[in-house]
Amino acid sequence: MLIADCPKEVAMNISGQLTVGDLPRVCPLLCRQTNPGYGGDQTRVVEVGGVRFGNGSPVVIAGPCAVESHEQTLAVTRAVKHAGANMLRGGAYKPRTSPHDFQGMGVEGLCILRIAREETGLPIVTEVMDTRLVEQVAQYADMLQIGSRNMQNYPLLAEVGRAGKPVLLKRGMAASLGEWLGAAEYIAKQGNLNIVLCERGIKAFAAGEYSRYVLDLNVIPAVLANTFLPVIVDPSHATGVASMVEPASRAALEFGSHGLLIEVADFATGRPRCDADQAIDGKTLARIVKFAQQRHEQLLFAQRAA
Ligand code: PEP
Ligand code: MN
């Protein structure tokens, strides 16, 4: 049937597109309008193994794209700790575009992450992609990551909501703000409000030409205006280019991001099998951590002086 043949009221609503005005209906548990207790500008503090998201001091999560071996993960973890980052990332189950590519080490990778955690004390965030594996991953991880490709996997969102662990919810690469917050609401509906949002770049006409995705910095103030959840930025997947990660990190913090999720490699132990072009070294990470701390102190100083 052509749209022109539809009854008028159907044609008027045919796109089903959400707007910010729909948020009180779509995500009443999470949006500011329906939760005046957050005073219009306060952020919910989400705690992960002693690390606090949303309390003003930016959280830097860093680590390899994938756990590839014991040696590689320990070398990167030591660099991450030395640089002063707060948490360790690393994928044991990897969402890869081709089924022929390295899919991650699975439970063995989770064990390596635990060893890295024991050595450094850094809490771990790692991705879970399968409802059948939520319980397993939750036994090892301090925080469960939902990747961009699974942002609208509603049974998976409900399952991580029930797992009793904080969740890092990455934005779908083509998701609107309403769809992203609607996804977060699936987790919240299970009684788990310990959710941190993560902007990781969106598909746009320029994607792939000079960067992997387009880092949507504009969404940060929009998130802060519409929900009390903390939001961080992944400059690694957003740009796909190692030399862009440091300026993108600084820009994200200027836009109000509560933290960063960054991929790091120790090139001395070998080139990563996964996302090597966007991995930065420990020295660059240390500069980013220092910038984050200094910027936070400057803001505190300016607030006290005002
Ligand atoms: C990741 O952070 O490991 C990852 C796969 O990112 P994304 O889901 O944003 O592509
Ligand atoms: Mn990656």
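Structure summary
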| quantity | calculated |
| --- | --- |
| Mean Cα-pair separation over length for region 3-142, i.e. relative contact order, pairs under 8 Å, 6 or more apart, % | 18 |
| Where labels lie 7 Å past Cα in the beta-carbon direction, separation of Asp130 and Ala204 in nm | 3.6 |
| Computed label-point distance, nm, for sites Glu254 and Phe102 using a 7 Å Cα→Cβ extension | 3.5 |
| Of all accessible heavy-atom area on region 196-283, the percent that carbon and sulfur account for (1.4 Å) | 54 |
| Those lysines that a straight Cα-Cα span of less than 20 Å connects to Lys189, excepting residues fewer than 8 apart in one chain | Lys165, Lys170 |
| Net dipole in debye of region 155-306 [+1 Lys, Arg Cβ; -1 Asp, Glu Cβ; about Cα centre; nearest 20] | 260 |
| Amide proton proximity set for Val196, modelled H, under 5 Å, gap of 5+ | Val167, Leu168, Leu169 |
| Estimated FRET transfer efficiency (Leu29, Ala174; beta-carbon r; R0 30 Å; 0.05) | 0.80 |
| Kirkwood hydrodynamic radius over Cα pairs of the chain, then Stokes diffusion coefficient at 4 °C and 1.567 mPa s, in µm²/s | 65 |
| Set of lysines near Lys81 by C-alpha distance (under 21 Å), chain-local residues within fewer than 8 positions excluded | Lys283, Lys290 |
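The values are calculated or read from the model by the stated rules, or taken from the named source; none is laboratory data. Quick caveat, the model's predicted, so the values are computed rather than measured. Every residue, glycine among them, receives a Cβ derived from its backbone with ideal geometry; neighbour counts consider all protein chains shown. Quick note on the areas: whole protein, heavy atoms, side chains included, nothing else; ligands and nucleic acids left out. Shrake-Rupley method; radii C 1.70, N 1.55, O 1.52, S 1.80 Å.
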